[in-house]
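**Q** Before we start, here is the structure in question, set down as structure tokens.
The values are calculated or read from the model by the stated rules, or taken from the named source; none is laboratory data. Note that the coordinates shown come from a computational prediction; the quantities given were computed from them, not determined experimentally. Cβ coordinates were reconstructed from backbone atoms using ideal geometry, including for glycine residues, and neighbour counts include every protein chain displayed. Only protein heavy atoms, including side chains, enter the accessible area calculation; ligands, DNA and RNA are left aside. Shrake-Rupley method; radii C 1.70, N 1.55, O 1.52, S 1.80 Å.
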Amino acid sequence: MISKCYINCEIILDFNSLLFSILKKQNPDLNLSLNDVQENPKKYLETQELLLQNLCILKPQIGAIETLQFLESQHIQPIIYSEFGLQLQQHFPYLNWQEFTDSDQNSIFIDPRIDFCEQLLKKNLNVVLFKNHKLKDKEYWNQLLQNKPILFAESWETFPWQSFKLVTQPIFSADQYKVNECENAATKYWNTFIKLNPIEFTSKIIHGRNRGGTMLGIPTANLQISEEIHQLTKNLLPGVYAGITYLENVQYGGVLSIGYNPYFLDTPQTIEVHLYGEFQEDFYGANLRLIITHFLRPESDFRTFDHLIKAISNDKIIGRKLVC
Ligand code: RBF
Ligand code: MG
């Protein structure tokens with residue numbers, strides 16, 4: 001029976017999204033997709049210093065916190081290890097950080113790096129290679145994994161739990177993920193935000209790609225980005241924000257995304273606001289006054305559509321508490 005589970009912190013904390021947002025902020029014209037960052041995060045290591053300075057806005061990967069809770073409920077001790085050292089431990093004291101010991105036969109090691117997994121395999125340890133990005137180059141990965149007794153997971157939902165003779169299978173429901181009215185263990189990881197010096201402008205509501213309302217069930221007003229608005233927002237990290245809006249002189253709270261929608265691989269920058277209100281019309285052509293007051297998180301890519309929805313529903317709950 002497995003008693004300990006060593007997990008590389010990259011699988012628990014969403015470094016890649018933070019890295020992508022920082023790089024795009026530094027150079028908005030950089031032709032960079034989140035996929036590029038995910039394929040080879042080490043390429044961007046010169047930004048490690050920036051990452052460490054921005055740890056306060058680092059968020060967990062979707063499903064990660066529930067997985068830690070699940071492991072504990074199974075009497076398996078989850079232990080996080082990292083190359084990033086002490087700073088991370090100080091920022092996330094709730095996670096169980098420990099020195100890495102690689103001699104423990106009753107453990108699982110979960111890591112996103114194949115070279116590292118191979119080393120562990122030589123010592124006859126149980127390893128799971130966790131690919132923390134979308135499978136882009138299937139061929140490449142198939143070749144790497146050929147004839148290797150490495151177990152392989154793309155997400156916590158598809159993790160090969162049954163191989164470890166666990167008592168029950170995990171259930172990862174959307175409810176567990178949500179920041180509920182009651183505090184749960186995940187709340188302290190997700191329910192964080194940064195108060196900003198307010199940024200204020202008025203913009204015209206234009207046609208978007210019609211995904212918000214129909215696909216996501218989250219209607220948004222897409223804003224026209226004039227030169228003035230570009231100047232006001234260009235120093236903001238691509239991400240999710242909350243603020244106050246005025247539409248036809250009526251005030252509504254809003255939660256918004258400013259960025260490149262990496263899940264959909266949109267490249268031009270968009271500003272989209274979800275208003276806390278019930279609307280029959282679309283308000284195309286109307287002016288929206290917006291005062292951005294809080295930063296919630298960097299924008300991210302997600303392994304599944306369901307994860308995108310979970311993240312945005314969660315933003316809505318946090319935003320409502322801040323601006324309504
Ligand atoms: N798109 C992403 O690709 N990644 C995100 O993290 C993300 N977060 C969002 C958060 C909020 C509150 C809203 C309103 C939108 C977000 N979007 C994100 C954009 C979303 O994909 C977009 O609204 C739809 O594609 C409709 O155009
Ligand atoms: Mg829209």
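**Q** Residue by residue through region 313-324, what is 3J(HN,Hα) from phi via Karplus (6.51 cos²θ - 1.76 cosθ + 1.60, θ = phi - 60°)? Round to whole Hz and write x for glycine and proline.
**A** Values per residue, Gly and Pro as x: 4, 5, 4, 4, 5, 5, x, 4, 5, 7, 10, 10 Hz.
**Q** Checking a compactness column here: for the chain, what do you get for Rg(Cα) / (2.2 N^0.38 Å), N being the number of residues?
**A** Details: Rg = 20.9 Å, N = 324, 2.2 N^0.38 = 19.8 Å.
Relative to the rule-of-thumb radius for its length, the chain sits at 1.06.
**Q** What's the ranking of 204-217, 107-120, 58-71 by average number of surrounding C-beta atoms within 10 Å, highest first? Please report the intermediate quantities before stating the final value.
**A** Numbers: 204-217: 13.6, 107-120: 18.2, 58-71: 21.8.
Descending packing order for the listed peptides: 58-71, 107-120, 204-217.
**Q** Now for a different question. In the chain, what percentage of the DSSP-assigned beta bridges are antiparallel, given to the nearest 5?
**A** Working: 37 of 54 bridges.
Roughly 70 percent of the DSSP beta bridges within the chain come out antiparallel.
**Q** At 1.4 Å probe size, with no ligands or nucleic acids counted, give the accessible surface of Trp161 in Å², nearest ten.
**A** Approximately 10 Å² of Trp161 is accessible to the 1.4 Å probe.
**Q** Where does region 263-308 land on the Kirkwood hydrodynamic radius, alpha-carbon pairs, in angstrom?
**A** Values: mean 1/r = 0.0714 Å⁻¹.
After inverting the pairwise mean of 1/r, the radius is 14.0 Å.
**Q** Still on this structure: Report ³J(HN,Hα) in whole Hz for each residue of region 245-256, in order, from the Karplus equation J = 6.51 cos²θ - 1.76 cosθ + 1.60 where θ = phi - 60°; Gly and Pro get x.
**A** Going residue by residue, I get 10, 10, 10, 6, 6, 9, 8, 9, x, x, 10, 9 Hz, with x marking Gly and Pro.
**Q** Rounded to the nearest 500 deg cm²/dmol, what is the calculated helix-only ellipticity per residue at 222 nm for the chain, with -39500 (n - 2.57) per DSSP H run of length n ≥ 4? Spell out each step's value before the answer.
**A** Details: 12 runs with 95 residues, N = 324.
Mean residue ellipticity at 222 nm (helix-derived): -8000 deg cm²/dmol.
**Q** For helix 64-73, what angle does its Cα long axis make with the longest principal axis of the chain, in degrees from 0 to 90 and rounded to 10?
**A** The angle comes out near 40 degrees.
**Q** Mind listing the long-range amide H neighbours of Asn96? Cut-off is under 5 Å, sequence gap 5 or more, other chains count too, H placed in the peptide plane at 1.01 Å from N.
**A** Answer set, sorted by chain and number: Ile80.
**Q** Tell me, what % of the accessible area of the chain is carbon and sulfur with a 1.4 angstrom probe?
**A** On the way: 7670 of 15730 Å².
For the chain, the apolar C and S fraction of the accessible surface comes to 49 percent.
**Q** What number does region 199-314 give for Rg over Rh if you use C-alpha atoms and the Kirkwood radius?
**A** Reported Rg/Rh, Kirkwood definition of Rh: 0.93.
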